[in-house]
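The values are calculated or read from the model by the stated rules, or taken from the named source; none is laboratory data. Keep in mind it's a predicted model, so treat the numbers as computed, not measured. Here the Cβ positions follow ideal geometry from the backbone for every residue, glycine too, while neighbour counts run over all protein chains shown. Ligands, DNA and RNA are stripped out before the accessible areas are found, and what is left, the full protein with its side chains, is counted by its heavy atoms. Shrake-Rupley method; radii C 1.70, N 1.55, O 1.52, S 1.80 Å.
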Amino acid sequence: MARGKRANWQPSPMPVVIAVDPRAPEHTSRDALVEAARVLRAGGLVAFPTETVYGLGALAFDERALARVFRAKGRPLHHPLIAHVEDEGRARALAASWPEAAARLARAFWPGPLTVVVERAGHVPAAIAGGASSIALRVPSHPVALALLAQLGEPIAAPSANRYQGLSPTTAAHVVKELGDRVDLVLDAGPCAAGIESTVIDVRVDPPRVLRLGAADLAALRRVVPGLGVRSDDPASADTRASPGMDARHYAPRARMVIAPSRDAAIARARSLSASGVPVGLVVHDPTTPGEAAGIELRVLPSEPLEYARRLYGTLHDLDDAGVRGIVVQAVPSDDEAWGAVADRLARGSGPRI
Ligand code: TXA
Ligand code: MG
């Protein structure tokens, strides 16, 4: 069945795309998984769905394949990748030590959208960690990701499947648009459920510290790890620069993006840009009618943070595809922790002006 679904196949520069059934991949899409494992073992790159965003996978122990990942993304070599594994035991095997907090977090949140940073075991290539002595580990919950890991029987190093600093992909089409034939095979299981990247926690320090807010619920994390710290939210702070791969500019659409403090301010800004001839997109989460944004690419997102996060990257990809040059986004609540991950991505993806 999987082979029969290669209808999307096209000659270079398009990668091979195989549809997989997210409900029971090991039964319905075995051919696709076998093919993906074959490509990975041959040193190729396979984009695969996770519950957060699509990943650009390579064998974690194949240094040439790791180098291809960095090249495909245009990512600096010192930006570390996440190793995806099937379960906590396999994660521990890649760590030099396994702190109590790692064990507690793993039991509470894996499989799921949580990444822990620990000391790297000596036999794990330094290249995966951008040369650092640490390693980031995660057990994804997406059935296709887990089935692929089981089929392969080895860890998969995978950053998000986008170009350096660009928007993360939440569909296979986003991967193809961004990476083209820089990826050998794309497993297409439809849109990602969370739509925003995993939460990254450094458990080498006590108390552990969130390096990147993400899809795991912060309040739930705090219940498991009391005293959990959160890295400064200011993307331009020195603290941010100290974390590898945490550039201030990141998660950005091609169009220039600005944040306006309120819905009305966002509409006013979008209207004035539009009046000056800039094709503009407007993203709000308070009710807005097309009549209030005539001539503007209007997108109204849900006013609840998880639903908003699920649709954010898809909306920004969509506005890029619509050819806008500027995107004005209504600021999300800054006093509500539940919006933290979304606020972080909007801050990093935007600039001071269009
Ligand atoms: O949801 C996700 O995490 C997705 C899916 C594919 O799993 N992956 C992802 O990978 O977002 P990437 O490479 O785009 O982002 C990895 C994040 C970066 O913020 C990076 O700085 C951090 O994890 N990270 C990775 N290894 C690290 C390390 N050894 N020390 C500190 N931070 C690390
Ligand atoms: Mg990324």
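When the charge dipole of the range 152-236 is built from unit charges on Cβ atoms (+1 for Lys and Arg, -1 for Asp and Glu) and taken about the Cα centre, the candidate among I196, L152, T171 whose Cα reaches farthest toward its positive end is I196.
For the chain, the solvent-accessible area works out to 41 Å² per residue, with a probe of 1.4 Å and every protein chain left in place.
So how strong a dipole does the chain carry about its Cα centre when Lys and Arg Cβ are +1 and Asp and Glu Cβ are -1, to the nearest 20 debye? Spell out each step's value before the answer.
Details: 41 positive and 38 negative charges, 163 e Å.
Using only the charged Cβ atoms, the result is roughly 780 debye.
Of R222, R256, the residue with the largest accessible area leads and the full order is R256, R222 (1.4 Å probe). The Cα-based radius of gyration of the range 1-122, divided by its Kirkwood radius, gives an Rg/Rh of 1.00.
For the range 115-218, with only Lys/Arg (+1) and Asp/Glu (-1) charged at the beta-carbon, what is the dipole magnitude about the Cα centre, in debye rounded to 20? Spell out each step's value before the answer.
Numbers: 8 positive and 10 negative charges, 39 e Å.
Result for the range 115-218 is approximately 180 debye, rounded to the nearest 20.
Considering only I82, L114, A161, the residue lying farthest towards the positive end of the dipole of the range 59-177 is A161, judged by Cα position with unit charges set on Cβ. Across every pair of non-identical alpha carbons in the chain, the mean reciprocal distance, once inverted, gives a Kirkwood radius of 20.7 Å. Working ranking of peptides 147-160, 27-40 by packing, defined as the average number of other Cβ atoms within 10 Å per residue, highest first, is 147-160, 27-40. In summary, the convex hull built on the alpha carbon positions of the range 92-170 has an orientation-averaged projected area of 6.0 nm².
Rounded to a whole number, what is D in µm²/s for the range 256-349 from Stokes-Einstein with the Kirkwood radius over alpha-carbon pairs (37 °C, 0.692 mPa s)? For the chosen part, D equals 250 µm²/s.
Dipole of the chain computed with +1 at Lys/Arg Cβ and -1 at Asp/Glu Cβ about the Cα centre; of A268, P13, V53, farthest Cα towards the positive end is P13.
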